[in-house]
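Just below is one structure, and these are the notes that go with it.
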Amino acid sequence: MAATNNDKQYYEIYRRASLGNALADELDNFITAGRFDPQLAIKFLNIFDKVVTEVFAEKVKSRMSFKGHLDTYRFCDDVWTFIIKDVTFKLDNSASIQADRIKIVAMNNKKPGET
């Protein structure tokens, strides 16, 4: 699902990260306590989607490569989902990290017709 802000689309995928979950939990607490209106909480979450996406695009400059065995892939509603098993990540600084299984979700960041 995607939120829009000033005609630009921001995906809600980072809400599932620990920081996004913590924000959603606190906003829920504020709503339950009567301190926030649900519409204000939705605005907060939309701003979170926008800021996290923009900060990652501007500030993260590290590179990483990985190898593994593709277990499952799916393409639905312009979203690719890959499940990869026995994965080895190699970071810029040559450190390696291993994982039994990862899930990658990839979405187009442009609207149809944009170049």
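The values are calculated or read from the model by the stated rules, or taken from the named source; none is laboratory data. Since the model is a prediction, treat every value here as computed from it, not as a measurement. When we count neighbours, we look across all protein chains shown, and the Cβ atoms used for this are built from the backbone with ideal geometry, even at glycine.
Looking at Gly68, Gly20, can you tell me which residue is in a helix (DSSP H, G or I) and surrounded by 13 or more Cβ atoms within 10 Å (Cβ to Cβ)? Please lay out each step first, then the result.
Values: Gly68 fails: in a helix (DSSP H, G or I).
Step by step, each of Gly68, Gly20 is checked, and only Gly20 is in a helix (DSSP H, G or I) and surrounded by 13 or more Cβ atoms within 10 Å (Cβ to Cβ).
Contact list please: Cβ distance under 7 Å, first residue in the stretch 93-109 and in contact (Cβ under 8 Å) with a residue 12 or more places away in the chain, second residue surrounded by fewer than 12 Cβ atoms within 10 Å (Cβ to Cβ), pairs at least six apart or on different chains.
Taking only residues 6 or more apart or on different chains, the pairs are Met107/Asp78; Asn108/Asp78.
Have a look at Ala17, Ala3, Ala33, Ala22 and point out the one that is closer than 23 Å to Trp80 by Cα and either modelled with pLDDT of 95 or more or out of contact with any Leu (no Cβ under 9 Å at 6 or more places or on another chain) (or both).
Working: Ala3 fails: either modelled with pLDDT of 95 or more or out of contact with any Leu (no Cβ under 9 Å at 6 or more places or on another chain) (or both); Ala33 fails: closer than 23 Å to Trp80 by Cα; Ala22 fails: closer than 23 Å to Trp80 by Cα.
Matching residue, one of Ala17, Ala3, Ala33, Ala22: Ala17.
Restricting the search to the stretch 37-57, which residues are within 30 Å of Gln98 (Cβ to Cβ) and exposed (fewer than 12 other Cβ atoms within 10 Å of the Cβ)?
First pass over the stretch 37-57, keeping only residues within 30 Å of Gln98 (Cβ to Cβ): 52-53, 55-57.
Once the filter is applied, which keeps residues that are within 30 Å of Gln98 (Cβ to Cβ) and exposed (fewer than 12 other Cβ atoms within 10 Å of the Cβ), the stretch 37-57 yields Val55, Phe56, Ala57.
Just to be sure I understand, how many residues within the stretch 68-108 are under 26 Å from Glu12 (Cα atoms) and touching a His at 6+ places or on another chain (Cβ under 9 Å)?
Final tally of qualifying residues: 3.
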